[in-house]
Amino acid sequence: MPDVSFVNLLVVVAVAVLAPLTIGFFPELRIPAVVLEIVGGIIIGPSVLGWVHVDLPVAILALFGLAFLLFLAGLEIDVHRLRGRLLRLALFGYLVTLVLGYGAGVSFTAAGWVSQPLLLAIALSATSLGLVVPVLKDAGQVRSKVGQTALAAASIADFAAIVLLSLFFSASGGSTGSKVVILGVFAGLVAVTGLVVSGAARSMRLGQVLVRLQDTTAEIRVRFAVLLLVAFTVLAEKFGLESILGAFLAGAIVGLVDRDSSSHPNFRIKLDAIGYGFLIPVFFVASGVRLNLTGLLHSPSALARVPVFLLALLVVRGLPAFIGLRTNGTKPTLALGLLQATSLPFIVTATQIGVALGKLSSVTAAALVCAGLLSVLIFPLIALMLLRQGEQAPVVDADAASAAGQPAPEPHLM
């Protein structure tokens, strides 16, 4: 046996168990478990109690937890909904986000808070799809106009932010032009892999074998998903891109191929169990352990960055929601802006990469993560209240309306 201790991992896993239990015993808290996981990591880490540091077992599981988090985020994307008006709105809104984010980045660079405006713009540009979906479900708004717009905007923002982070701030180095070419080749390989997997999924012989093995100890569908995740992560690293891009695309391909779950209803539940039951909480607790809260609290000027970054997040991601004000209405648009500004997992990821590359100080990274924590605590609750006050009619699918002999609604961009 190698000389490796699992004591730090034991404490990390204990915090991962206590976080949801706390919410279960005190439901009035109404905060996501991820917030308590990061706060728990801060408490047991060097910033407070000093019980835990990120050693080899914790680091490896946290890294795989990040990959699984991005894999499940990619799994949430419904490619078939991203078309027409929704796609145009989401793309245009993200372009506005980048412009606003870069403006904020330039301002913060002038103040000496960051050294790379583009890194800050990218860090502020994502939306946490995994946190937006539960809020929409609680409000019964998943199929509403504002719900569909929020899901489309979050999907585009998550995908684009990961691609941009890989292009401009990959740890492997290299020029941006060469990375664009590499990304194109990588995308081609991903597309070919998707076609191969899709073709294999239609094989009756393979389908019979999968059904026979899926709920045995073989858990063959889960093994295939993990194989695809690891393969795409390795492929992204070999191409000099961020591994998170490979993990995200692996999830997107599984989601694209796995459209009909009638023969395997428990497949995604099992993936959620692996991710959210074990690996992902380790990543968030370890992120809290790594957070330099001491430097943040010991400097009033550094601590003042937290509300400023929170306001920047609200402006950068929230303002583009007003593109659809006439279509969605005032309260749903405000709720949409708040949901779009809800971001934490990607901020944690981007800041860790920024610190590793020397583009962000640990204090600025801590301030950004704290701003992300506050966005998760505040924005979804207000958005949920607004959504419940302004009920939306269900979406009318243009194809379904045409098949029923009814006129499809006229799309509006503004």
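Values quoted throughout were computed directly from the atomic coordinates according to the rules given, and no laboratory measurement underlies them. None of these values were measured; they are calculated from a predicted model. In this analysis, Cβ positions are derived from the backbone assuming ideal geometry, glycine residues included, and neighbour counts consider all displayed protein chains.
Assorted remarks:
- Evaluated at q = 0.13, 0.14 Å⁻¹, the base-10 log of the normalised Debye intensity for the range 29-88, with identical point scatterers placed on the Cα atoms, takes the values -0.58, -0.63.
- Where the alpha-carbon atoms of the range 1-158 are placed on the principal axes, they occupy 56, 43, 36 Å, in descending order.
- Above 35 Å, the calculated P(r) of the chain contains 28 percent of its Cα-Cα pairs.
- Fraction of alpha-carbon pairs over 14 Å apart in the range 154-235 - percent: 75
- Seen from TYR94, the other residues with C-beta closer than 13 Å to its C-beta sum to a net charge of +1, counting Lys and Arg as +1 and Asp and Glu as -1.
- Remark on SER144: its backbone amide H falls under 5 Å from those of VAL395, a criterion applied only to residues 5 or more positions apart or on other chains, H modelled at 1.01 Å from N.
- Bridgeable lysines around LYS331 (alpha carbons under 29 Å apart, same-chain partners fewer than 8 residues away excluded): LYS137, LYS145.
- Length gained on full extension, LEU63 to THR330: 92.0 nm, using 0.36 nm per residue less the C-alpha separation.
- Full-extension gain in nm, VAL308 to VAL181, via 0.36 nm per residue minus C-alpha separation: 42.0 nm
- Cα-projected label distance for LEU377 with ALA273, points at 7 Å along beta-carbon direction, nm: 3.4
- Sorted largest first, extent of the range 181-316 alpha carbons per principal axis (Å): 65, 38, 28
- Unit Cα scatterers, Debye sum, the range 249-362: log10 I(q)/I(0) for q = 0.12, 0.16, 0.17, 0.19 Å⁻¹: -0.73, -1.05, -1.08, -1.12
- Peptides 99-106, 206-213, 119-126, ordered by how many other C-beta atoms sit within 10 Å of their residues on average, highest first, read 119-126, 99-106, 206-213.
- DSSP H segments from the chain that extend 20 Å or more along their own axis, Cα-based, with Kyte-Doolittle mean of 1.0 or above: 7-25, 56-76, 84-110, 145-168, 176-201, 220-238, 243-257, 362-389
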